[in-house]
1. Within region 151-161, can one find any residue that is under 23 Å from Gln88 (Cα atoms) and either part of a helix (DSSP H, G or I) or aliphatic (A, V, I, L, M) (or both)?
2. Within region 246-268, restricting attention to residues that are crowded, with 17+ Cβ neighbours inside 10 Å and not hydrophobic (A, V, I, L, M, F, W, C), which residue is modelled with the highest pLDDT?
3. Please verify whether Asn84 is surrounded by fewer than 18 Cβ atoms within 10 Å (Cβ to Cβ) and of a type outside the set (Ser, Thr, Tyr), treating the condition exactly as stated.
4. Of the residues that sit in region 87-104 and are more than 21 Å from the chain's Cα centre (by Cα) and part of a helix (DSSP H, G or I), which one is surrounded by the most Cβ atoms within 10 Å (Cβ to Cβ)?
5. Spot the failing condition for Thr207; the list is (1) modelled with pLDDT of 90 or more; (2) under 18 Å from Val143 (Cα atoms), and only one is missed.
6. Please enumerate the residues belonging to region 105-163 that are surrounded by fewer than 19 Cβ atoms within 10 Å (Cβ to Cβ), among the basic types (Lys, Arg) and either within 12 Å of the chain's Cα centre (by Cα) or closer than 19 Å to Tyr65 by Cα (or both).
7. Considering only residues that are of a type outside the set (A, V, I, L, M, F, W, C) and in a helix (DSSP H, G or I), look in region 221-245 and name the one that is surrounded by the fewest Cβ atoms within 10 Å (Cβ to Cβ).
8. If you check Ala174 against the conditions, is it free of Cβ contacts under 8 Å to residues at least 12 places away in the same chain and in the same structural domain as Gln194 (by TED's automatic domain parsing)?
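The values are calculated or read from the model by the stated rules, or taken from the named source; none is laboratory data. A quick note: this is a predicted structure, and the numbers were derived from the prediction, not measured. Reconstructed Cβ throughout: ideal geometry from the backbone, glycine too, with neighbour counts over all protein chains shown.
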Amino acid sequence: MKISIITASLNRKEFIGAAVESVLAQNYPEFEHWIIDGGSTDGTLELLQKYPHLRVLSEPDRGVYDAWNKGIERARGDIVGFLNTDDQYAAGTFRILQETLNRSSALVFSGGSEIYQKTSPRIEVVMHRYVDPRRYRLCVQNVTLGLPIINARFFRRSVFAINGGFNAVYKLSADREFLLRAAMVGIPDSASEQVVYRYRWHAQSLTMNGGNESLLAALREAILIAEIYAALGTTAPADRLTLVSWRRELLATAFMLRAMRRPNEALGLAVHEVNDDPRWLLDVLRCGTLAVGRRMRTTFRRLLALAKMGNDRYTLC
């Protein structure tokens, strides 16, 4: 079983080496790793020359999803996965993937994931870990209100023949739209509780930093996707209800982010949504409570990491 890994890249010299090394560390014999680069000028391409096994294409593109489509066209593996430049695969991921799909007729493998932050060269803080397959197995509920997490999924090549590629019109949410299409046509997956993918949180993350413009833009795209698919005549009634609920949740999240920087705009959104559907207030309260809980948990874990680092220094002294 040959595995094709596709990485979209643009000026990521600081991170991409660790991503490449995480693929090599799988010690898996049959794989190829495509780097689809948008024309880096920061030394990324020079760094990649250290890895002769890589297949590198560098030319202008229309963003990450255009690059992924180029990779899909060139990939020759039986299975395709998408690795971001700033992330890594967990140890043993390819073996788990091979063992699972060899004994299953599923077209998609969906695994667990975690988000971590490096607080020092030696200390990593796991901010969030997702290992409950009920929350990320491939279905409309999970793709919208649950955990889409496309990077912790691997796809048989036939999925792209059935589902098509990524719609590059959506600059930040085409992965969600792709998974939504796959879920709505019933593409089967096999879900595992094993962590296979590690997202690295850092200051340059496009959609992991609350209040930044990229995250707001991603929310606007997702709201549009929810509205389009909810309005389709072919959408099942249960899926339509899910999409309507997802739209309310997205608007609640957008309200909280706007309130951080644009309170007047946030107030206007609140008035409009409450008049349209009073249930929206419940979504705001729920999303706000979850956000506070996540922030408190992350802060606690950072403090534990700092304490551990302090103890290590004391021991070394």
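1. yes
2. Arg247
3. The answer is no for Asn84.
4. Looking at residues that are more than 21 Å from the chain's Cα centre (by Cα) and part of a helix (DSSP H, G or I), I get Leu101.
5. Unmet condition: (1).
6. Within region 105-163, just Arg157 meets the criteria.
7. Pro237
8. no
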